[in-house]
Amino acid sequence: MTQDVQNVVDHFNLFRSPEYKDMFADKRKNFEFAHPDEKVEETAEWTKGWEYRKLNFEREALTVNPAKACQPLGAVFVAVGFEGTIPFVHGSQGCVAYYRSHFSRHFKEPSSCVSSSMTEDAAVFGGLNNMIDGLANTHSMYKPKMIAVSTTCMAEVIGDDLNGFISTAREKGSVPADFPVPYAHTPAFVGSHITGYDNALKGIVSHFWEGKERTPGEKINFIGGFDGYTVGNLREVKRIFDLMGVNYTILADNSDVWDTPADGEFRMYDGGTTLDDAKAALNAKATISMQQYCTEKTLDYIAKTGQETVAFNHPVGVAATDKFLMELSRITGLPIPDALTKERGRLVDAIADSSAHIHGKKFAIYGDPDLCYGLAGFLLELGAEPTHVLSTNGGKEWEIKMQALFDSSPFGKDCHVYPGKDLWHMRSLLNTEPVDFLIGNTYGKYLERDTGTPLIRIGFPVFDRHHHHRYPVWGYQGTMNTLVWILDKIFDEMDKSTIVPAKTDYSFDIIR
Amino acid sequence: MSLTVEQVKERNQDLIKEVLEVYPDKTAKRRAKHLGTFEEGKPDCGVKSNVKSIPGVMTIRGCAYAGSKGVVWGPIKDMIHISHGPVGCGQYSWAARRNYYIGTTGVDSFVTMQFTSDFQEKDIVFGGDKKLEKIMDEIQVLFPLNKGISVQSECPIGLIGDDIEAVSKKKSKEYDGKTIVPVRCEGFRGVSQSLGHHIANDTIRDWIFDKGDKHPEFVGTPYDVAIIGDYNIGGDAWASRILLEEMGLRVIAQWSGDGSIAELENSPKAKLNVLHCYRSMNYISRHMEEKYGIPWVEYNFFGPSKIEASLREIASHFDDKIKEGAEKVIAKYRKMMDAVIEKYKPRLADKTVMLFVGGLRPRHVIGAYEDLGMNVVGTGYEFGHNDDYQRTTHYVKDGTLIYDDVTGYEFEKFVEKIQPDLVGSGIKEKYVFQKMGVPFRQMHSWDYSGPYHGYDGFAIFARDMDMAINNPVWGLTKAPWK
């Protein structure tokens with residue numbers, strides 16, 4: 001076959017033509033020395049059973065398809081949330097290329113970030129010169145208002161001292177004496193991207209607050225945590241705050257920089273928490289975090305300044321949103337406005353309309369610990385069963401908390417929590433104890449392929465579906481989005497399984 | 001209004017001067033050596049290359065690990081490649097490069113999986129060798145059909161003094177001579193991906209070739225070739241292989257897209273190595289020439305002009321049967337190529353393009369654009385060496401703007417001033433230029449399309465460039481009331 005210019009086919013259909021299919025078979029037969037097909041099939045079957053699951057769960061050293069990234073990614077996520085701020089990652093340069101690509105693939109947006117480009121000589125002598133030159137170059141080229149420094153594992157292993165290096169660079173005139181260069185050590189071999197979020201945010205607030213006297217005021221600080229829906233969620237939270245009349249500061253507000261218009265201008269910086277607000281945030285009455293496990297050290301630090309701190313676990317659902325709003329109301333003394341009460345009513349109405357299709361369905365969920373908790377809570381509220389809940393970066397404390405959540409609902413009876421496990425473990429779970437739907441990020445599509453469990457994409461990263469990050473999943477409206485995404489998949493699957501004419505299409509209903 | 005060559009050169013010089021003004025003096029001096037304008041007749045492009053990137057400037061480059069795991073080793077499908085160190089490197093590069101393959105993933109093929117030793121603090125403090133041994137044992141239990149293991153070192157490995165060679169040898173012995181390849185591709189080594197390619201090539205030499213002939217029963221033919229340096233992005237190597245086979249050659253190995261370890265092992269039996277990505281695999285080609293006497297020839301399968309020339313060049317190494325075969329292939333596809341050009345050239349003629357890519361593409365794709373009547377007015381390499389810039393002289397026109405290891409700032413300014421009709425670069429650049437209202441195609445991943453190699457690929461290439469440039473959205477970027 002050669003291409004027909006009226007209908008050019010690309011990889012989707014090109015390689016299905018007989019010429020290519022024959023070529024693949026010939027290559028496999030004559031050159032690959034592949035295992036016989038029967039052996040491959042037999043082994044594939046074996047990987048689906050309980051024996052394999054047992055061996056798989058006995059793993060102690062190998063990690064396969066983890067659902068977590070490393071600390072500096074979280075640090076970059078935080079840094080771009082401040083006005084005119086460029087993230088500067090001290091260490092090897094390849095890491096920064098990876099973070100930028102990773103975020104751009106998820107948000108479909110530019111992600112600006114620089115590296116100090118350390119190489120062998122810096123490995124031997126330390127990266128001080130890289131810091132001195134790097135800060136000077138970044139400052140003069142990209143005219144930032146702040147440079148937020150974090151580290152790759154290379155700089156951490158050789159023990160570079162950020163505080164000392166930045167002071168020296170400042171003395172050498174890399175940046176003006178009063179130019180803000182907050183920093184955080186973010187070793188990739190400790191925790192995950194959510195730990196990096198925590199460390200970086202603590203680094204920035206402590207940079208502005210350290211040694212300052214707190215004058216308690218009425219403002220509320222809000223922290224979203226590492227969140228693939230940060231664009232939609234932060235906008236939704238602002239809408240809620242405005243409806244209630246809350247006087248607030250969002251710390252690390254990256255909702256604008258990752259959603260800039262295509263109007264002929266590239267904005268390296270857009271929106272973000274102003275540096276003045278970041279400074280003044282010390283005087284807030286309280287700080288609310290939407291994700292406990294992203295902000296443990298930060299909240300600890302903030303609490304020590306005398307503020308009240310409140311942490312949620314990525315609240316999704318009616319009850320979780322109720323709790324969020326009531327806490328907000330309690331802290332601020334402001335009533336929850338009728339407009340939000342009405343939104344709540346609409347969400348309850350939507351759930352009542354649709355719950356027959358969700359009730360009793362089994363789900364597997366994986367993702368960051370807070371996201372898992374929030375989604376599991378919502379599913380229980382819908383009468384669904386979050387049968388397997390897995391978080392590669394979830395720990396012991398999270399496990400206990402998840403179990404308590406299961407125990408609080410009759411629908412949680414047969415549900416299990418899996419801290420520190422990866423998606424290859426999940427594959428065994430789905431093969432041996434199948435569920436109706438899987439909730440996770442893009443990488444869940446491999447599980448969908450291998451186990452036939454339909455994937456609902458909620459999480460980070462989502463590379464292969466566009467624009468969902470522009471929608472909130474928090475608040476009553478956000479919960480509505482989440483509900484609709486789940487329902488869409490349920491209905492699509494119903495249609496797919498009833499579409500065969502004269503066989504199953506009696507149930508191919510026009511009204512559901 | 002088009003500028004004369006002299007005017008273009010003058011504009012480029014002014015532009016370079018202008019962008020250098022933003023840098024501190026020391027940096028401006030260093031960057032000046034990487035920026036230039038191609039002068040017809042010169043042996044290279046007049047820019048310095050393959051030296052360290054400058055801290056803090058926003059280089060687009062990656063690291064040695066990316067060059068080894070991401071480019072050379074990762075696509076070998078029946079081996080398991082361990083990202084050895086902390087979790088991130090393997091995570092960010094997981095299945096991102098679109099190295100297509102046929103196989104049952106997780107059973108006999110492993111390309112789109114992320115195997116990592118997920119280093120924790122204790123592994124840094126006490127070393128990771130014990131853990132690596134255990135990982136290999138666990139791989140043997142859970143993935144019994146794997147045909148080999150490679151250890152792709154991340155930064156900490158070389159810094160904490162782990163002996164991955166010893167572990168690999170020990171475990172290889174324990175598993176009856178199993179192929180286990182330790183790769184010292186720590187990200188801090190070298191100045192870019194490039195050293196990672198080189199290191200990876202050397203490990204194939206040392207840990208595959210030097211282990212002897214694993215398939216003595218393999219019967220060769222006089223027409224055996226190996227495709228070297230095609231990573232089968234979106235199926236590129238397949239769209240190339242089919243042409244070589246049609247002209248009568250037998251492709252015994254693909255390096256490394258959709259490749260298998262047996263193909264690597266049998267490569268020294270090829271009669272000719274055909275090399276697409278010179279940058280990433282010239283090393284092993286030279287080695288096979290020296291050690292096994294296998295000649296190698298560079299080819300270019302982007303666009304009909306270059307494909308035609310390449311098919312003839314490859315055929316010139318064989319007898320008349322193959323030469324006739326090449327002519328037949330050229331004749332067979334000519335009608336389709338003419339139709340593609342007839343359809344798309346009127347829509348694309350005289351459009352200007354600026355490129356910034358890696359490997360071979362900053363030069364190799366120029367012919368394909370020219371087949372469509374387009375002009376490449378600026379190009380540069382992420383991690384090229386001087387031999388790349390020498391080869392580029394055969395492709396670029398007098399006055400082309402050249403930028404080596406371009407910084408984010410420079411690229412943005414160049415495009416802003418030159419206002420090309422299309423920019424071809426990577427994911428990190430894509431959205432910057434689209435915000436500016438400049439049509440863009442990713443020229444690493446083919447923007448999730450492809451293949452772009454071969455005759456089948458050119459039709460897709462032409463279609464994609466047209467859909468980027470003639471996308472009606474570019475007429476909407478300005479609000480009518482503004």
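Worth pointing out:
- The set of residues in region A:90-125 being open to solvent by 10 Å² or more (accessible area, probe 1.4 Å) and within 26 Å of A:Asp178 (Cβ to Cβ) consists of A:Ser112 alone.
- When the criteria are applied in full, B:Asp405 meets the requirement of being charged (D, E, K, R), within 13 Å of chain A (Cβ to nearest Cβ) and within 22 Å of the chain's Cα centre (by Cα).
- The listed residue being in contact with a Cys (Cβ under 9 Å, 6 or more places away or on another chain) and modelled with pLDDT of 95 or more, out of A:Thr186, A:Thr138, A:Thr151: A:Thr186
- Residue pairs whose Cβ atoms lie under 6 Å apart, sitting 6 or more positions apart in sequence or on different chains, and linking a residue in region A:121-147 that is of a type in the set (Asp, Glu) to a partner that is part of a helix (DSSP H, G or I), do not occur here.
- For beta carbons closer than 6 Å, sequence separation of 6+ or different chains, a first residue in region A:176-193 that is within 25 Å of B:Pro156 (Cα to Cα) and among the aliphatic types (A, V, I, L, M) and a second that is open to solvent by 20 Å² or more (accessible area, probe 1.4 Å) and at pLDDT 95 or above, the qualifying pairs are A:Ala184/A:Asn199; A:Val190/B:Glu121.
- Selected residue (criterion: farthest from the other protein chains (Cβ to nearest Cβ)) from residues of region B:158-174 that are surrounded by fewer than 19 Cβ atoms within 10 Å (Cβ to Cβ) and part of a loop (DSSP other than H, G, I, E, B): B:Asp163
- Number of residues in region B:92-131 that are within 20 Å of the chain's Cα centre (by Cα) and closer than 23 Å to A:Pro72 by Cβ equals 6.
- Any chance A:Lys108 is over 25 Å from B:Arg30 (Cα atoms) and more than 23 Å from the chain's Cα centre (by Cα): no
- Region B:9-38: number of residues that are assigned to a loop (DSSP other than H, G, I, E, B) and loosely packed, with under 15 Cβ neighbours inside 10 Å: 2
- Among the residues here, B:Leu145 does not qualify as of a type in the set (A, V, I, L, M, F, W, C), within 11 Å of chain A (Cβ to nearest Cβ) and open to solvent by 10 Å² or more (accessible area, probe 1.4 Å).
- Residue count for region B:296-320, restricted to those that are hydroxyl-bearing (Ser, Thr, Tyr), without any contact (Cβ under 8 Å) to a residue 60 or more places away in the chain and either in contact with a helix residue (DSSP H, G or I) (Cβ under 7 Å, 6 or more places away or on another chain) or part of a loop (DSSP other than H, G, I, E, B) (or both): 2
- Condition broken by A:Lys285, with the remaining ones in (1) out of contact with any Asp or Glu (no Cβ under 6 Å at 6 or more places or on another chain); (2) open to solvent by 10 Å² or more (accessible area, probe 1.4 Å); (3) not aliphatic (A, V, I, L, M) satisfied: (1)
- Looking across region A:346-365, just one residue is part of a helix (DSSP H, G or I) and of a type in the set (Lys, Arg), and that is A:Arg346.
- Candidate set: region A:126-141, residues that are more than 7 Å from every other protein chain (Cβ to nearest Cβ) and not β-branched (Val, Ile, Thr); chosen: the one surrounded by the most Cβ atoms within 10 Å (Cβ to Cβ): A:Met131
- Scanning region B:175-194 for residues that are outside any loop (DSSP other than H, G, I, E, B) and either surrounded by fewer than 24 Cβ atoms within 10 Å (Cβ to Cβ) or away from chain A (no Cβ under 13 Å) (or both) yields B:Ile180, B:Val181, B:Pro182, B:Val183.
- Qualifying residues in region B:249-263 (those that are touching a Ser or Thr at 6+ places or on another chain (Cβ under 8 Å) and either part of a loop (DSSP other than H, G, I, E, B) or within 11 Å of chain A (Cβ to nearest Cβ) (or both)) - the one nearest to B:Val111 (Cα to Cα): B:Ile261
- On the stretch given as region B:218-248, residues that are open to solvent by 10 Å² or more (accessible area, probe 1.4 Å), of a type in the set (A, V, I, L, M, F, W, C) and not in a helix (DSSP H, G or I) total 2.
- Residue count for region B:90-126 satisfying the condition of being of a type in the set (A, V, I, L, M, F, W, C), at the interface with chain A (Cβ under 7 Å from one of its Cβ atoms) and not in a loop (DSSP other than H, G, I, E, B): 2.
- Filter result for the condition that a residue is in contact (Cβ under 8 Å) with a residue 12 or more places away in the chain, surrounded by fewer than 19 Cβ atoms within 10 Å (Cβ to Cβ) and over 20 Å from the mean Cα position of the chain (by Cα), over B:Lys323, B:Lys413: B:Lys413
- Test: residue in region B:63-73 that is within 12 Å of chain A (Cβ to nearest Cβ), out of contact with any helix residue (DSSP H, G or I) (no Cβ under 6 Å at 6 or more places or on another chain) and either in a helix (DSSP H, G or I) or open to solvent by less than 30 Å² (accessible area, probe 1.4 Å) (or both): yes
The values are calculated or read from the model by the stated rules, or taken from the named source; none is laboratory data. If you're wondering where the values come from, they're calculated on a predicted model, not measured in any experiment. Ideal geometry is used to build each Cβ from the backbone, glycine not excepted, and the neighbour counts take in all protein chains shown. Note: areas computed on protein heavy atoms with side chains; ligands, DNA, RNA excluded. Shrake-Rupley method; radii C 1.70, N 1.55, O 1.52, S 1.80 Å.
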